[in-house]
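Note sheet for the following structure.
Values quoted throughout were computed directly from the atomic coordinates according to the rules given, and no laboratory measurement underlies them. The shown structure was predicted, so the numbers you read here are calculated from the model rather than taken from an experiment. Cβ atoms come from the backbone with ideal geometry, glycine included; neighbour counts cover every protein chain shown.
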Amino acid sequence: DFVYQFKAMCYFTNGTERVRYVTRYIYNREEYARFDSDVEVYRAVTPLGPPDAEYWNSQKEVWRGPGRSWTRCADTTTSWSSARPCSGE
């Protein structure tokens with residue numbers, strides 16, 4: 001058996017003035033590749049990562065462009081801002 005995980009995280013600074021989007025690709029509890037919108041490239045984290053990072057970086061027309069971080073994270077803010085706070089009961 002193996003476990004493959006994809007984690008997408010949005011970091012908001014000063015409301016939505018600055019949005020940072022980070023994705024982590026994990027295989028068997030070890031992160032092997034990462035995308036950070038501050039750098040705008042996929043990076044290999046372990047020796048397993050270079051083939052995927054190189055391929056994803058060759059597909060820039062799909063994921064790159066102004067406002068992409070906000071586009072990826074906008075649904076998240078909409079979902080959270082419309083959610084009702086939990087009362088703990």
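Residue-wise HN-Hα couplings along the stretch 35-49, as the Karplus relation 6.51 cos²θ - 1.76 cosθ + 1.60 with θ = phi - 60° gives them from phi, are 10, 10, 5, 5, 9, 6, 9, 7, 10, 6, 9, 10, x, 6, x Hz; Gly and Pro carry x. Spatially, the stretch 9-23 and the stretch 37-60 are offset by 20 Å when compared through their Cα centroids. With r as the distance between the Cβ atoms of residue 60 and residue 28 and R0 = 25 Å, compute the FRET efficiency 1/(1 + (r/R0)^6) and round to 0.05. Computed FRET efficiency for residue 28 and residue 60 comes out at 0.30. Here 19, 45 are placed in order of increasing Cβ neighbour count within 10 Å, fewest first, which gives 45, 19. Close amide-amide hydrogen proximity is noted between residue 41 and 36, each under 5 Å apart and 5 or more residues distant or on a separate chain (H modeled in the peptide plane; Pro and chain starts excluded). Amide H to amide H distances under 5 Å link residue 32 with 25, 26, 27, where only residues 5 or more positions off or on other chains count and H is placed in the peptide plane. Going from the residue with the fewest nearby Cβ atoms within 10 Å to the one with the most, 13, 23 rank 13, 23. With R₀ fixed at 30 Å, the C-beta to C-beta distance from residue 48 to residue 12 puts the FRET efficiency at about 0.45.
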